[in-house]
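First up is the structure itself, then whatever we jot down about it.
The values are calculated or read from the model by the stated rules, or taken from the named source; none is laboratory data. Just so it is clear, the model here is predicted, and its values are computed rather than measured. All Cβ positions, even for glycine, are placed from backbone atoms using ideal geometry, and neighbour counts span all protein chains on display. We work out accessible area using only protein heavy atoms, side chains counted, and drop any ligands, DNA or RNA first. Shrake-Rupley method; radii C 1.70, N 1.55, O 1.52, S 1.80 Å.
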Protein chains: 2
Amino acid sequence: MNKKVTAMDVARLAGVSQSSVSRAFSKNASISIKKRKLILDAAEKLGYQPNAIARGLITNQSRIIGIVMRDVQNPFYPEVLEKFYSRLSGEGYQIMFINSQNDEIQEHEVSQLIEYSVEGVIITDALLTSAAVQKLNRNGISVVLFNRYISDSMSNAVICNNFSAGQKIGQYLLDTGHLQLGFISGPANTSTSLDRSRGFMDTLQKQGIESIPMEDGGFTYQGGFAAAKKLMKHHEKMDALFCANDIMAFGAIDYLTTAGYRIPEDISVIGFDNVTMADWSSYALTTWKQPVDEMIQQAVKLMLDDISGQQEKPEMNFVDGCLIERASVKDRR
Amino acid sequence: MNKKVTAMDVARLAGVSQSSVSRAFSKNASISIKKRKLILDAAEKLGYQPNAIARGLITNQSRIIGIVMRDVQNPFYPEVLEKFYSRLSGEGYQIMFINSQNDEIQEHEVSQLIEYSVEGVIITDALLTSAAVQKLNRNGISVVLFNRYISDSMSNAVICNNFSAGQKIGQYLLDTGHLQLGFISGPANTSTSLDRSRGFMDTLQKQGIESIPMEDGGFTYQGGFAAAKKLMKHHEKMDALFCANDIMAFGAIDYLTTAGYRIPEDISVIGFDNVTMADWSSYALTTWKQPVDEMIQQAVKLMLDDISGQQEKPEMNFVDGCLIERASVKDRR
DNA sequence: CTTGTTTTTGAATACGTATGCAAAATTTAT
DNA sequence: ATAAATTTTGCATACGTATTCAAAAACAAG
């Protein structure tokens, strides 16, 4: 293996100092045009790449953002990952990917992020304790929560307006003449599921519907499938089912169609997310579209503002989504 | 923001030298049990985390592996990402995620990997030129190709035995009495699609079938949908369709069912990958299962052997998959 | 207790870069 | 041509850690 090429090597070839080489690779440093050209030519000739590790040590700017993600097999999250990657790499950041296996971000995962001096962390669908946020903040790491929040207001958060969406979904199902509603939730400890449920029930209760059959589908296909089965066992007159995410809606639809129900003639199904698959003709799912692009744009802006010290206090931004009507909800009026 | 806690701070509190602190956090360094405990207690008290950036500069071991991935919205790849993450983080590595937007890994992406001194790079579904491999190797970076290879034998590769799989799929469709076969390929410049096609045609040609109708579906759902439409326009007697990946098979099935064909009564469809969705009752896809776990295990072993200098020359390992029969191929015998 | 051996530990250094500071070079004004 | 002002550049240093080397400490043998 060849000896590593450093700025010192380039300096020798170009006949300048190492600090000049560093300046040549900098945007704002003072270096004459002639010397800069000499240096860049020498660098090209030697195959020199600046060492980001050494630079990070000196500048205390790793240019690395951590993304903590749990359920990458829910198609919603690969889309989120891809879009976060695009925005952040466009701003010159590298992505350190952490696939959390547990509900809650682990101590060693927090330690890894600190050890690598990541400048920020984006938490997509894992839980984060206040203690973990404090530890990250104490180590100068910006934290942005994507579609979740914790109650201590110490971190930036960008959240789809889940409560309001739940309300509107409830209204939409009532307005389209559905009488016997059901709900399939995600895990009870997730703010997304809780808020969607609360919004939904808020609307129903205002119409005198005090409670409806619900099952926890765990935010998974299998969970949606099983939850639909369980619901239909005791509530065969159900005519509409709201699933707290799309992938459970797919599972619910698959259970219902294999059980002989017609979607949406016998029962309507509505999801939440608007993953790419929702548009597939096998599902043609009516769903609530999370404004992922807007949410990611805001999340990245909050993080970059925090990193650059232009932020006074953490913000919590709610962003409105919208209904996407396809073919899985019937207008029964 | 608090001042960063360093080994020097811990040394002062524990009454030892900075080098002793470093040794306390090392597995094999010489340090007395008493002193180690003193140091770890002081570190805990101060909230000290070793700085991986500084350590990387000294040891020339960043403990970072790059994963270059293109199509994260094909459900096959999030599964691959999750499993690579699990294996590599278990070996103490961090993952730097690169989402390539182009067919071929870009110069700036190679530069990023070099600048951050990643110890290895795994390429999943992007193309890599020989020049790029040479550049990475010249900078001491191990390269492993996942399910692709290039012809210069300079990099490790682990590949599903696509040719053999294509052969067996061909035989299976013939053995189950299908007469009019069709094929939907991926992009022509990908070794996976080429080898699956070659294996398939090898079997058919041995049975006197010289050519069959084919369309390029670009490895996407929409592409599969459109390709199926195009094929059926001119080959309405087709009774079996082999799609070079599952997601195109889903698209093909969705086109066919919306066009009134029954799967598999009117036409059988077989895919390749065995993504989680293949098992969903809406598709119940018969497919060829890529041995992802085995492939990843071998890929990680090759990389770690290369990184630790225990490898003499790059290897190319082919791994056999197997047929998964569900409900999308009819036995017409 | 003394001598020889082994282990532990701290000082010094290097890793590759960015930058402060001041000297050198260049430019501008008279 | 000279002086003043400005820009460019190199030297020295620091960033935080791991490790070499040698001194100090601890341990074992006689």
Task: Expected-Rg normalisation [2.2 N^0.38 Å, Cα atoms] applied to chain A - done: 1.27
Open item on the list: Which aspartates and glutamates, if any, have their Cα less than 18 Å from the Cα of B:LYS206, not counting same-chain residues under 8 positions apart?
Closed with: B:ASP175, B:ASP195
Task: FRET E, pair B:SER86, B:ARG138, Förster distance 25 Å, beta-carbon r, rounded to 0.05 - done: 0.25
- [ ] Sorted from largest down, give the three principal axis spans of the alpha carbons of the protein assembly as shown, whole angstrom values.
- [x] 74, 71, 55
Open item on the list: So if I place +1 on the C-beta of Lys and Arg and -1 on the C-beta of Asp and Glu, and nothing else carries charge, what would the dipole magnitude of segment B:162-289 be about its Cα centre? I want it in debye, nearest 20.
Closed with: 140
- [ ] Express the C-alpha Rg of segment A:7-50 as a ratio against the empirical globular expectation 2.2 N^0.38 Å, rounded to two decimals.
- [x] 0.96
Task: Counted charge near B:GLN167, where neighbours are those whose Cβ lies closer than 11 Å (Asp, Glu -1; Lys, Arg +1) - done: +2
- [ ] Shortest first and in nm with one decimal, please list how far the B:GLY15 label point sits from its counterparts in the other copies (point 7 Å along Cα→Cβ).
- [x] 6.0
Task: Local net charge near B:TYR77, Cβ-Cβ under 9 Å (Lys/Arg +1, Asp/Glu -1) - done: -2
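Given R₀ = 56 Å, FRET efficiency for B:SER32-B:ALA188 by Cβ-Cβ distance, to 0.05?
Efficiency computed from Cβ-Cβ geometry: 0.30.
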Open item on the list: At 7 angstrom along the Cα-to-beta-carbon line, where would the label on B:GLN180 sit relative to the other copies? Give the distances in nm, shortest first.
Closed with: 4.5
Task: A:SER164 versus B:ASP152: modelled label distance in nm, points set 7 Å from Cα along the beta carbon direction - done: 5.5
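Would you mind calculating the relative contact order of segment A:162-289 from Cα pairs under 8 angstrom and at least 6 residues apart, reporting the percent as a whole number?
23
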Task: Furthest towards positive pole of dipole, A:GLN49, A:SER20, A:ILE31, structure part segment A:7-50, Cβ charges - done: A:ILE31
TODO: Return a whole-number percent for the relative contact order of chain B, with Cα pairs under 8 Å and 6 or more residues apart as the contact set.
DONE: 15
TODO: For segment B:90-111, state which residues have at least 10 Å² less accessible area in the presence of all protein chains than in their chain by itself, taking the probe as 1.4 Å and leaving out ligands, DNA and RNA.
DONE: B:GLN94, B:ILE95, B:MET96, B:PHE97, B:ILE98, B:ASN99, B:GLN101, B:SER111
Task: Rough spin-label spacing in nm, given labels placed 7 Å along Cα→Cβ, for A:LYS206 and B:SER130 - done: 6.9
- [ ] Find how many whole Å separate the alpha carbon centroid of segment A:89-122 from the alpha carbon centroid of segment A:261-279.
- [x] 35
Task: Heavy-atom surface of chain A, accessible at 1.4 Å and reported per residue (Å²) - done: 43
TODO: Report, ordered by chain and residue number, the aspartates and glutamates lying within cross-link reach of A:LYS34, taken as a straight Cα distance under 16 Å and ignoring same-chain residues fewer than 8 apart.
DONE: A:GLU44
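Hey, if we sort A:ASP216, A:ASP306, B:ASP9 by accessible area with the 1.4 Å probe, largest down, what's the order?
Highest to lowest solvent-accessible surface, that is A:ASP216, A:ASP306, B:ASP9.
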- [ ] From largest accessible area down, sort B:HIS178, A:HIS235; use a 1.4 Å probe on the protein chains.
- [x] A:HIS235, B:HIS178
Task: Rounded accessible area of A:TRP280 (nearest 10 Å², 1.4 Å probe) - done: 10
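Could you check how much of the accessible area of chain A is carbon and sulfur, as a whole percent, using a 1.4 Å probe?
For chain A, the apolar C and S fraction of the accessible surface comes to 48 percent.
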TODO: Provide the net charge surrounding B:ALA299, with neighbours chosen by a C-beta distance below 13 Å and charges set as Lys +1, Arg +1, Asp -1, Glu -1.
DONE: -2
Task: Simple label model, 7 Å out from Cα along Cβ direction - A:GLN310 to B:GLN297, nm - done: 5.1
TODO: With an 8 Å cut-off on Cα pairs and a minimum separation of 6 or more residues, tell me the relative contact order of segment A:7-50 in percent.
DONE: 42
Task: Between B and A, accessible area buried - total, square angstrom, nearest 100, 1.4 angstrom probe - done: 5000
Open item on the list: Ordering B:LEU173, A:LEU57, B:LEU179 by accessible area with a probe of 1.4 Å, largest first, what comes out?
Closed with: B:LEU179, A:LEU57, B:LEU173
Open item on the list: Given the whole protein assembly as supplied and a 1.4 Å probe, what does the accessible area of A:ARG198 come to in Å², nearest 10?
Closed with: 120
TODO: Note down the accessible area of A:TYR255, probe 1.4 Å, to the nearest 10 Å².
DONE: 40
- [ ] Once every Cα of segment A:209-333 carries one equal point scatterer and solvent is ignored, give the base-10 log of I(q)/I(0) from the Debye formula at q = 0.09, 0.16 Å⁻¹, two decimals.
- [x] -0.33, -0.77
Task: For B:ALA259, label point 7 Å along C-beta direction: distances to other copies, nm - done: 3.4
